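What follows is a set of notes on a single structure, which appears directly below.
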Amino acid sequence: MTTARPHHAADPRRRVPRTDAVLAEPELTAAAGRLGRDRVKRAVTAAQQRARDGVIAPSDVAADALAALPATATGIRPVLNASGVLLHTNLGRAPLSDAAVAAIGAAAGTCDVELDLTTGRRGTRGAGAVAALRDAVPGAGAAWIANNGAAALALVCAALAGPGREIVISRGQLVEIGDGFRIPELIESTGARLRPVGTTNRTHLSDYAGAIGPDTAFVLVVHPSNFVVSGFVSDVDLRELAGLGPPVVADIGSGLLTPHPLLPAEPDAAGALAGGADLVTASGDKLLGGPQAGLLLGGGERGTRLVEQVRRFPLARAMRVDKLTLAALEASVAGPPTPVREFLDTDPATLRPRADALAAALAADGVPASAADTVAGVGGGGAPGVELPSAAVALPARYAEALRAGDPPVLGRVAGDRCLLDLRAVPPSADSVLLGAVRAVRVG
Ligand SMILES: *Cc1c(COP(=O)(O)O)cnc(C)c1O
């Protein structure tokens, strides 16, 4: 057999390894396991072409293909949050605890999320997460979990008010929660009617009392979680609202289950129930530190009944969470402290020595780094105005872009001509990763 293709001894095509041979290399076999054989094969084909074109050496085909492939089968990449914003919405809000990640792993296959293994019959979906919430929140007689805070609130409005009935709310609480989404529009999209009372800065008990009538479904209290009003301001205590008669629903937003000493102005679920709210809605991935979820908690006999009414409402089926969320939420509530909790509870005195050590290691490599005292914040639309003392590695601002494009990507904060890598939301165990990421970037 002779080949029709003319060739020359130096023709690189002759030395380009065959596809099967490249795919058989252990690292590429492993990549095929992670990413699928087709995808890896396409990367190999492209690398072979580069070898034929003389762009790379034929011996580098396998390495070139590997370099072009992502580490995992998702386009989502882990990012180191050195922004100093504990709950960064664009970074997926709360990072999960190792316990929550392990719980997701346990639930990922077939699992008993809705099967009673003793009787072999259908079990209560997410019973563990519900029990964990009830244990963690004194006064919670019932709980239910929706996709997110907005879903929990929308469902309450649809199930308890629906078309034709009124939800009484202070004008000071008709807030926008982010990305153009507004609480009043969310509520009205369920068909419920809003009955705003009072003014932007002041609402009195008499305003609520005057608006309550036969059409009132409930009184809604929304925590204005992303801004503070000060000055000539007044609003009404939950306890007073509870005395008016109709159910009181409190959207506390952040998902703080019990009070936190650093966040005195942040409402918590236990406090809202004790203060007279029948229902509390909140997010799972803000200060609670868990997965995206919406919590619905009911206090007292009426609140417990209302949770059941909401849970049985047909739309609830369209807002229920998956097994992964239930597993992660349970582990976040009942397990070890979440990363968010640890960032909050970090002794600020431990941060500056970490920043000093990182800056010294970088400076020794010729990187223009120094350590700085900074102020971090909670973020995620929560605890506005709360200043958390922190420390950072300071680099010239031009590092910010290179760090975002690095591996792993690092998100810092640009302040003036500096790029600050704030350590308040970086676990100490990630300092070495941060150091490696900064060392790896090339900045002119
Ligand atoms: C964040 C927030 C919401 C929305 O919760 P998601 O979990 O983001 O859907 C609703 N109300 C308040 C007061 C909030 O702070």
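The values are calculated or read from the model by the stated rules, or taken from the named source; none is laboratory data. Please read these numbers as outputs of a predicted model, since none were measured by experiment. Heads up, the Cβs are rebuilt from the backbone with ideal geometry, glycines too, and the neighbour counts pull from every protein chain shown. Side chains are part of the model used for accessible areas, which takes the heavy atoms of the whole protein and leaves out ligands, DNA and RNA. Shrake-Rupley method; radii C 1.70, N 1.55, O 1.52, S 1.80 Å.
Which residue, of A270, A316, A328, is more than 21 Å from R171 (Cβ to Cβ), open to solvent by less than 50 Å² (accessible area, probe 1.4 Å) and under 20 Å from the mean Cα position of the chain (by Cα)? I'd like the intermediate steps shown before the answer.
Values: A270 fails: under 20 Å from the mean Cα position of the chain (by Cα); A316 fails: under 20 Å from the mean Cα position of the chain (by Cα).
Testing whether each residue is more than 21 Å from R171 (Cβ to Cβ), open to solvent by less than 50 Å² (accessible area, probe 1.4 Å) and under 20 Å from the mean Cα position of the chain (by Cα) leaves just A328.
Can you confirm whether P348 is open to solvent by 70 Å² or more (accessible area, probe 1.4 Å) and within 27 Å of V375 (Cβ to Cβ)? Talk me through it step by step, then tell me what you get.
Values: open to solvent by 70 Å² or more (accessible area, probe 1.4 Å): no; within 27 Å of V375 (Cβ to Cβ): yes.
No, not satisfied.
Go through (1) surrounded by fewer than 21 Cβ atoms within 10 Å (Cβ to Cβ); (2) within 27 Å of the chain's Cα centre (by Cα); (3) not in a loop (DSSP other than H, G, I, E, B) and name the single condition S390 misses.
Single failed check for S390: (1).
Quick check on this structure: which one of L295, L358 is in contact (Cβ under 8 Å) with a residue 12 or more places away in the chain and open to solvent by less than 10 Å² (accessible area, probe 1.4 Å)? Even if it seems obvious, please write down each step before you answer.
Details: L358 fails: open to solvent by less than 10 Å² (accessible area, probe 1.4 Å).
So the residue among L295, L358 that is in contact (Cβ under 8 Å) with a residue 12 or more places away in the chain and open to solvent by less than 10 Å² (accessible area, probe 1.4 Å) is L295.
Which of the residues spanning region 109-134 are over 18 Å from R320 (Cβ atoms) and exposed (fewer than 12 other Cβ atoms within 10 Å of the Cβ)?
Selection gives G109, T110, L117, T118, T119, G120, R121.
Can you tell me which of (1) in a helix (DSSP H, G or I); (2) within 16 Å of the ligand (Cβ to nearest atom); (3) not aliphatic (A, V, I, L, M) is the one P384 doesn't meet?
With respect to (1) in a helix (DSSP H, G or I); (2) within 16 Å of the ligand (Cβ to nearest atom); (3) not aliphatic (A, V, I, L, M), P384 is out only on (1).
I'd like to verify a number: residues in region 316-337 that are β-branched (V, I, T) and either closer than 12 Å to S97 by Cβ or part of a helix (DSSP H, G or I) (or both), how many?
Narrowing region 316-337 to residues β-branched (V, I, T): 321, 325, 333.
Narrowing further to those that are either closer than 12 Å to S97 by Cβ or part of a helix (DSSP H, G or I) (or both): 325, 333.
So the answer is 2.
Please verify whether region 403-424 includes one or more residues that are open to solvent by less than 10 Å² (accessible area, probe 1.4 Å), of a type in the set (D, E) and more than 16 Å from the ligand (Cβ to nearest atom).
Yes, because at least one residue in region 403-424 is open to solvent by less than 10 Å² (accessible area, probe 1.4 Å), of a type in the set (D, E) and more than 16 Å from the ligand (Cβ to nearest atom).
Across region 282-311, what is the total count of residues that are part of a strand (DSSP E or B) and within 16 Å of the ligand (Cβ to nearest atom)? Let's see the steps before the verdict.
Of the residues in region 282-311, the ones part of a strand (DSSP E or B) are 282-283, 294-299.
From the residues that got through so far, the ones that are within 16 Å of the ligand (Cβ to nearest atom) too are 282-283, 294-297.
The number of residues fulfilling the criteria is 6.
Mind checking which pairs have a first residue in region 309-320 that is more than 13 Å from C157 (Cβ to Cβ) and a second that is hydrophobic (A, V, I, L, M, F, W, C) and not in a helix (DSSP H, G or I), Cβ under 6 Å, 6 or more apart or different chains?
As it stands, the answer is R311/W144, since those pairs meet every condition given.
Can you name the residue in region 208-235 that is farther than 24 Å from A154 by Cβ and at pLDDT below 85 and is also least open to solvent (accessible area, probe 1.4 Å) among such residues?
Step by step, filter region 208-235, then rank; the result is S234.
Select from region 235-266 the residues that are out of contact with any Lys or Arg (no Cβ under 8 Å at 6 or more places or on another chain) and in a strand (DSSP E or B) and list them in ascending order.
V248, V249, A250, D251, I252
What number of residues within region 382-439 are over 16 Å from A360 (Cα atoms), of a type in the set (G, A, S) and out of contact with any Pro (no Cβ under 9 Å at 6 or more places or on another chain)?
Residues meeting the conditions: 13.
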